[in-house]
Amino acid sequence: MKIGCHLSISKGFKAAAEAALQLGGQSFQFFTKNPRAFRGKGPQDGPEGAALCREHGLVAVAHAPYVTNLSTPDPELHEITVQSLVQDLQIAERCGAIGLVVHCGKHLDRGEEYGVARMVETLDRILAEYKGPVPILLENTAGQGSELGTDLEELLRIRERVAQKDRIRFCFDTCHAFVAGQYDPEDWERYAERMRAIGYRDLLVAVHLNDAKAPRGSRRDRHENLGKGYIGEAGLTAILRSDIFAGLPVVLETPVSAQEEYGPEMAYARKLAGIA
Ligand SMILES: [Zn+2]
Ligand SMILES: [Zn+2]
């Protein structure tokens with residue numbers, strides 16, 4: 001595992017990579033642009049930061065803005081979403097990121113069938129326009145409101161319908177799956193086994209390591225600092241000691257008031273994982 005954390009690129013991409021190294025991270029995640037906007041140029045120093053990452057074996061994971069809804073029924077918003085994500089993929093490529101994390105669609109009041117069909121249509125459009133090497137990493141959701149993609153089988157079914165499905169991979173969030181009631185930390189090995197059995201693990205590129213501020217099955221997406229939430233220290237230890245995430249970037253998106261706080265929290269994650 002390459003333990004890392006989510007960092008701001010407000011001072012540039014290279015500065016974020018430097019901060020990751022300084023905090024002891026082996027990976028980090030960044031927003032391609034303002035998480036609440038469709039527009040933005042992205043960092044101008046992508047290639048410089050990418051060179052630094054290569055030099056230190058640091059893995060960068062890109063994350064698209066939150067406002068993106070792959071299933072939006074609005075034709076104008078659909079077009080804006082396609083263009084925004086094509087641009088996010090280009091930014092991710094410039095920064096040498098291994099993938100672009102994108103949230104699954106929300107069907108709003110249109111129903112799941114419509115939501116999935118529209119999401120696939122949007123992904124097809126994006127992949128027809130962006131021809132570079134960066135894969136889209138669909139993230140499992142907490143299942144708030146009309147969010148699609150809470151369970152692993154559904155994610156695989158959605159991927160199966162995409163024309164260029166080989167360019168769709170996954171990002172697994174421990175908090176989202178927990179609050180969506182997908183696993184019991186006490187029975188983590190069984191869930192990990194299912195990830196392997198259905199072919200999900202082979203498509204997994206990145207992990208979000210978060211504790212949960214809301215109980216199992218609550219479907220409320222509230223991240224908590226490691227060991228302080230409902231997954232808890234024992235649950236996180238079970239997750240981190242299993243070898244299911246071997247070799248992957250495992251990135252913290254826990255609440256911090258300053259980025260420096262990620263240093264000790266990543267050290268804590270390594271301790272739970274038994275990494276010296
Ligand atoms: Zn996440
Ligand atoms: Zn979340």
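The values are calculated or read from the model by the stated rules, or taken from the named source; none is laboratory data. Values in this document were obtained by computation on a predicted structure and should not be read as measured data. All Cβ positions, even for glycine, are placed from backbone atoms using ideal geometry, and neighbour counts span all protein chains on display. Only protein heavy atoms, including side chains, enter the accessible area calculation; ligands, DNA and RNA are left aside. Shrake-Rupley method; radii C 1.70, N 1.55, O 1.52, S 1.80 Å.
When the helix-only estimate is applied to the chain (DSSP H runs of n ≥ 4, each -39,500 (n - 2.57), divided by the residue count), what is the mean residue ellipticity at 222 nm, nearest 500 deg cm²/dmol?
Details: 9 runs with 107 residues, N = 276.
The helix contribution divided over the chain gives -12000 deg cm²/dmol.
What is the set of long-range amide H partners of Leu137 at a cut-off below 5 Å, with H atoms built 1.01 Å from backbone N?
Leu100, Val101, Val102, Arg169
Given the protein chains as shown and a 1.4 Å probe, how many square angstrom of Leu23 are accessible, to the nearest 10?
40 Å²
If you take the beta carbon distance between Asp109 and Ala197 as r and set R0 to 45 Å, what does 1/(1 + (r/R0)^6) give as a FRET efficiency, to the nearest 0.05?
0.80
Give the residues of the range 78-109 whose amide nitrogen is closer than 15 Å to a point set 7 Å from the Cα of Glu253 in the direction of its Cβ.
Backbone N within reach: 99-106.
Given a 1.4 angstrom probe, what's the average accessible area per residue across the chain, in square angstrom?
In whole numbers, the chain has 42 Å² accessible per residue.
Relative contact order for the range 85-213 using alpha-carbon pairs under 8 Å, separation at least 6, rounded to a whole percent?
Rounded, it is 25 percent for the range 85-213.
Which residues' amide hydrogens lie under 5 Å from the amide hydrogen of Ile3, considering only partners 5 or more residues apart or on another chain, with H built in the peptide plane?
Gln26, Val250
Would you work out the relative contact order for the chain, in percent, from Cα pairs under 8 angstrom that are 6 or more residues apart?
RCO, the chain: 18 percent.
So how do 228-238, 85-95 stack up, highest first, on mean other-Cβ count within 10 Å?
Highest mean packing first, the order is 85-95, 228-238.
Net charge near Ile244: determine it from the other residues with C-beta under 11 Å of the C-beta of Ile244, scoring Lys and Arg +1 and Asp and Glu -1.
+1
If r is the Cβ-Cβ distance from Ala37 to Gln144 and R0 is 30 Å, what FRET efficiency results, to the nearest 0.05?
0.90
I need the peptides 2-11, 125-134 ranked by packing, meaning the mean over residues of other C-beta atoms within 10 angstrom, with the highest value on top. Mind showing how you got there, number by number?
On the way: 2-11: 20.1, 125-134: 16.4.
Top to bottom by mean Cβ count within 10 Å: 2-11, 125-134.
Just to check I understand the Karplus step: with θ = phi - 60° and J = 6.51 cos²θ - 1.76 cosθ + 1.60, what whole-Hz values come out for the range 18-33, glycine and proline as x?
4, 5, 4, 5, 4, 7, x, x, 9, 8, 7, 10, 9, 7, 4, 7
Determine the principal axes of the Cα atoms in the range 1-91, then give the extent along each, sorted from largest to smallest and rounded to whole angstroms.
Projected onto the principal axes, the Cα atoms of the range 1-91 cover 44, 26, 18 Å.
On the principal axes of its Cα set, how long, how wide and how thick is the chain? Give whole Å, largest value first.
Per principal axis, max minus min of the Cα coordinates gives 50, 42, 32 Å.
Percent antiparallel among DSSP beta bridges with both residues in the chain, to the nearest 5?
10 percent
Less than 13 Å Cβ to Cβ from Arg270, Lys/Arg counted +1 and Asp/Glu -1: what total charge do the surrounding residues give?
Here the charged neighbours net out to +2.
Computed over the Cα atoms of the range 90-156, what is the convex hull's projected area averaged over all directions, in nm²?
The orientation-averaged projected area of the Cα hull of the range 90-156 comes to 4.9 nm².
Quick one: check the C-alpha center-to-center distance for the range 209-276 versus the range 1-59, whole angstrom.
20 Å
To make sure I understand the rule: partners must be lysines, Cα under 17 Å from the Cα of Lys213, and not fewer than 8 residues away in the same chain. Which ones qualify?
Here the lysines satisfying the reach criterion relative to Lys213 are Lys228.
How large a share of the accessible area of the range 109-238, in percent, is made up of carbon and sulfur atoms when the probe is 1.4 Å and the other protein chains stay in place?
Here it works out to 43 percent.
Compute the whole-percent fraction of alpha carbon pairs in the range 184-248 spaced more than 21 Å apart.
The answer is 26 percent, as a whole percent.
Short version: ³J(HN,Hα) in whole Hz for each residue of the range 245-262, in order, from phi by Karplus 6.51 cos²θ - 1.76 cosθ + 1.60 (θ = phi - 60°), x for Gly and Pro, what are they?
9, 3, x, 9, x, 10, 10, 7, 10, 7, x, 9, 8, 8, 4, 4, 5, 5
Taking 7 Å along the Cα-to-C-beta vector as the label spot, tell me the Gln164-Ala128 distance in nanometres, rounded to one decimal.
Result for the modelled spin labels: 1.1 nm.
Under 15 Å from the Cβ of Gln22, count the other residues' Cβ atoms, weight Lys and Arg +1, Asp and Glu -1, and hand me the total.
Working: positive: Lys11, Lys14; negative: Glu18, Glu55, Glu260, Glu261, Glu265.
Charge balance near Gln22 sits at -3.
How long are the semi-axes of the ellipsoid equivalent to the range 99-225, from square roots of 5 times the Cα gyration tensor eigenvalues, in whole Å, largest first?
24, 17, 13
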